[in-house]
Structure formats: structure tokens, C-alpha cells
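Only one structure is covered here, and it is reproduced in the block below.
The values are calculated or read from the model by the stated rules, or taken from the named source; none is laboratory data. This one's a predicted model, so the numbers in the text were calculated from it and none came from an experiment. Virtual Cβ from ideal backbone geometry, glycine too; neighbours counted across all protein chains shown.
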Amino acid sequence: MMIEREDIISREGIVGETGPVVQNESARVFLQPIAAPSILGLFAFAASTFILAAWAVGWYGTPLSAYFIVPFVGVFGGIVQLLAAMWAFRARDGVATAIHGTWGAFFLSFALLHVMYLYQPGLQRTGLQFPEMGFWFIAVAAISWVTTLAAMAQRWSLAAVLMSVSAGATLFAISLLTGTAWCSVAGGYLFILSALCALYDSTAQVLKEVYGHEVLKVGITPRVLSEPGIMVGTGEPGVIHGQR
């Protein structure tokens, strides 16, 4: 359902640095109610991260496991997260857009890389060192650390997801660049922790949407609690930024 809302803003008597401001400016805002995009995005992140990390630390798997795991990771962790990122962009949630966009693209690229291995087996690395992938982990770790700092201003459950995946990506980068085995194992367990935190956070969002109040604590920060329910902005009457 698309709702059209039009508000007329009168600014008579207001003069800016470059001259009088246009009077009776018409602001037309189209409001489209949507579910919180991170519900889907975090569930997809949790499932894909857990499956891959459990395989990486040796909880299960054979040499053929990648061919059964990767298609699901590409669709669920890649495409679904990218869709969540686009809806988060529409909801004007910058943190969620960055999280799901970055990790969605990473998981999809991971899947495509393994598809390439099917046709070019010689491309596959056999040792722990993989500098090209290591530098990509540096990039996603840096983005994840930045979003961790941003999430600390919103809710601590999301910050826990990002802090653990950031630390895990950092350790994987070290392992792939230096060939250090324990960094890979430790990074895998941090990814599992991140998946569990993501499952908790997305479950909390689902329950809140169904029951209309907070069921599981997510550590909403005082800054967010102090924000008005309706945000009044110039040319943006009644528009709420982000997911609530």
C-alpha cells in the first residue's frame, strides 16, 4: 500500500544568507509501510555465517561439502542480504544498508568464486595462505568495525553481532596473509558467535513486531530512546529515519 501525504510549510519572514527563502514550499512525501529489513537480513546473515563457520572450524564436512553449501550461501547470504540492504536504504537506515550490502556482496562473491573452481580447478588454493582473499577480509573487517561503532549508538545487540564478525574477519585476514592456523580457527568461532547474536537480534525484532512491545532485550541506547516518535524535518514531515 502506498500512502501519499502532502504538507504545506510556510516560511514567511525567514531570510537566509543568500536571500529570502521560498515561501509556501510544498513538501510531498510518499510513505510506504514496510517490515524492518534487518529481520530478513540478519536471519540470512546468521544462517549463512553459521553454516560456513561451522564448516571452516571442522564441525562437519568432506572435500565435496563446498558444492552443497555454496549455492545456499550465495542465494541466502548473498542475494537475500543485498535485497535487505536495498530495503534498508529505502528505510533510511545507513548502518543496516552498509552491513547487509557489504556482507551480502561478500557472500555472493564467495559463491561465485567456488563456481569458478568447478570450471578452473587449478585456481583453487591448497595451503592456508591466500593473500588475495586476505586483503578482501581486511576490507570487510574495516567496514564492519566502522559499523560496529555506529551500532553502539543504536542498540547493543546489533553492536555484538558486528563486533564479533569484525574480530572474526580480522583474524581470518591475518590467517590468510600469514598462514597462521589458530587465527583461522579462532576467527571461525567468532563468526559462529556473531551468527548466534544475529539470530537473537532478528528474533527480538520479529517478536517486537508481532507483540507490539519489546519481548527480548536488545539494549536500546538512551540516545535512541530520547528521539521523538515522529521526526519533524524541513521538507520531511512525519518521516522516521531507520527501523523501529
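Out of (1) in a helix (DSSP H, G or I); (2) farther than 30 Å from Ser226 by Cα, the odd one out for Val165 is which?
Going through (1) in a helix (DSSP H, G or I); (2) farther than 30 Å from Ser226 by Cα one by one, Val165 breaks only (2).
So Arg92 passes all but one of these: (1) modelled with pLDDT of 90 or more; (2) touching a Gly at 6+ places or on another chain (Cβ under 8 Å). Which condition number does it fail?
Exception for Arg92: condition (1).
Within the stretch 75-93, how many residues are in contact (Cβ under 8 Å) with a residue 60 or more places away in the chain and either crowded, with 19+ Cβ neighbours inside 10 Å or closer than 17 Å to Met163 by Cα (or both)?
3
Using the structure shown, decide if Gly19 is at pLDDT 90 or above and either over 25 Å from the mean Cα position of the chain (by Cα) or under 21 Å from Ala139 (Cβ atoms) (or both).
no
Condition check: touching a Pro at 6+ places or on another chain (Cβ under 7 Å), over 18 Å from Ser166 (Cα atoms) and part of a helix (DSSP H, G or I). Does Trp55 satisfy that? I'd like the intermediate steps shown before the answer.
Numbers: touching a Pro at 6+ places or on another chain (Cβ under 7 Å): no; over 18 Å from Ser166 (Cα atoms): yes; part of a helix (DSSP H, G or I): yes.
Spelling it out, it is not the case that Trp55 is touching a Pro at 6+ places or on another chain (Cβ under 7 Å), over 18 Å from Ser166 (Cα atoms) and part of a helix (DSSP H, G or I).
Identify the single condition in (1) in contact with a helix residue (DSSP H, G or I) (Cβ under 6 Å, 6 or more places away or on another chain); (2) at negative phi that Pro63 does not satisfy, given that it satisfies every other one.
Going through the list (1) in contact with a helix residue (DSSP H, G or I) (Cβ under 6 Å, 6 or more places away or on another chain); (2) at negative phi, Pro63 breaks only (1).
Quick check on the stretch 96-110: of everything there that is surrounded by fewer than 23 Cβ atoms within 10 Å (Cβ to Cβ) and among the aliphatic types (A, V, I, L, M), which residue is farthest from Ala56 (Cα to Cα)?
Initial filter on the stretch 96-110 (surrounded by fewer than 23 Cβ atoms within 10 Å (Cβ to Cβ)): 97-98, 101-102, 105-106, 108-110.
From what's left, among the aliphatic types (A, V, I, L, M): 98, 105, 108.
Values: Ala98: 25, Ala105: 20, Leu108: 17 Å.
Result: Ala98.
Among the residues of the stretch 167-187 satisfying the criterion of being surrounded by fewer than 23 Cβ atoms within 10 Å (Cβ to Cβ) and not hydrophobic (A, V, I, L, M, F, W, C), which is nearest to Arg125 (Cα to Cα)?
Among them, the one singled out is Gly179.
Counting just the residues of the stretch 111-149 that are within 23 Å of Val80 (Cα to Cα) and in contact with a Phe, Trp or Tyr (Cβ under 6 Å, 6 or more places away or on another chain), which one comes out surrounded by the most Cβ atoms within 10 Å (Cβ to Cβ)?
Filtering first and then ranking leaves Phe137.
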